[in-house]
Each structure stands twice: as C-alpha cells, then as structure tokens.
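**Student:** One structure, pasted below without further comment.
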Amino acid sequence: MRSIPDSLLFSKQAIRIPVRLDDGQYDVTLSYKGKALIKLRRGDTHYAHYFELSLVEGTVFKRGDVLKLWLGNDPNRLPLQVESPIRVGSVKAVFERAENLRHVQEKLN
C-alpha cells in the first residue's frame with residue numbers, strides 16, 4: 001500500500017493487483033471508498049481511509065467476498081482494522097500498538 005502513488009490509491013478508480021497463489025495467478029481489485037472515523041478496542045478514535053479488496057474464490061472465500069481495510073490517515077498508513085468473511089463466519093484484526101514509527105502518530109481522544 002505504501003508503494004502505490006497517492007494519486008491512484010486515494011482515487012475513486014479501482015486498482016487491479018496481480019496475486020500469485022499456489023494454483024495460479026489471479027487479479028484482485030482494491031477500491032478506495034473514502035474517509036471514516038474508526039473507534040478501536042480501547043476507545044481510541046482515528047481518522048482512516050476505508051478500502052475494499054476483492055477476494056479469490058476458493059476453499060476459504062466465497063465468490064463476491066470482499067476484505068474491508070481501514071488504513072490510518074497519517075504518513076505511517078498503519079492498518080487499523082481488517083474485516084473479512086470466510087466460509088464459516090468472519091475474521092477481524094484490530095490494531096493495538098506500534099513502536100519506533102517513522103512519523104509521530106496523533107490520537108483524537
């Protein structure tokens with residue numbers, strides 16, 4: 001994500017990304033959906049960029065499933081939260097902490 005130019009990353013155009021898996025090469029689509037205010041587990045609130053990534057149908061994901069991704073709205077672009085459906089339920093990853101960041105991170109509390 002850090003290597004994609006801002007002009008393309010934060011545009012309303014979908015970006016096609018080639019992905020190589022065990023059984024072949026696929027194209028996934030990354031779409032920027034806009035800015036959001038996201039509240040994390042300990043009540044920390046952050047401005048974030050919201051993206052959706054299409055997923056490859058197979059043993060884990062169904063056709064049409066999308067991964068939801070919130071990246072911090074600062075130069076670090078830390079992944080603050082990720083949500084994805086799987087065949088039986090869903091998974092969610094939430095940012096907890098980071099150390100030795102290149103850019104100072106701001107809190108909104």
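Laboratory data are not the source of any read-out in this text; all were calculated from the coordinates shown. Here the structure is a predicted model, which is why all the values come from computation and not from measurement. Because the Cβ atoms are built from the backbone with ideal geometry, glycine has one as well, and the counts that use them run over all protein chains shown.
**Student:** For the pair residue 62/residue 45, report the inter-label distance in nm, with labels modelled 7 Å from Cα in the Cβ direction.
**Tutor:** 3.5 nm
**Student:** Here's a follow-up. Mind listing which GluC sites (Glu not before Pro) in the range 1-100 are in a DSSP loop and have 12 or fewer other Cβ atoms within 10 Å?
**Tutor:** Within the range 1-100, the qualifying GluC sites (Glu not before Pro) (loop, at most 12 other Cβ atoms within 10 Å) are 57, 96, 99.
**Student:** Run the dipole for the chain about the Cα centre, Lys and Arg Cβ at +1, Asp and Glu Cβ at -1, nothing else charged, and hand back the magnitude in debye, nearest 20.
**Tutor:** Here the size comes out at about 280 debye.
**Student:** Once the Cα gyration tensor of the chain is found, what semi-axes does its equivalent ellipsoid get, as square roots of 5 times the eigenvalues, in whole Å, sorted largest first?
**Tutor:** They are 26, 17, 13 Å, listed largest first.
**Student:** Taking 0.36 nm per residue of sequence separation and subtracting the Cα-Cα distance, how much length would be gained by fully extending the chain between residue 100 and residue 86, in nm to one decimal?
**Tutor:** Stretched fully, the residue 100-residue 86 segment lengthens by 1.7 nm.
**Student:** Can you compute the helix-only [θ] at 222 nm over the chain? Use -39500 (n - 2.57) per DSSP H run of at least 4 residues, normalise by all residues, nearest 500 deg cm²/dmol. If you can, show how the numbers build up before the last one.
**Tutor:** On the way: 1 runs with 4 residues, N = 109.
Here the helix-only value at 222 nm equals -500 deg cm²/dmol.
**Student:** Can you tell which of 10, 37, 49 lies farthest toward the positive end of the dipole of the chain, using +1 and -1 charges on the Cβ of basic and acidic side chains (Lys, Arg; Asp, Glu)?
**Tutor:** After comparing all options, I get 37.
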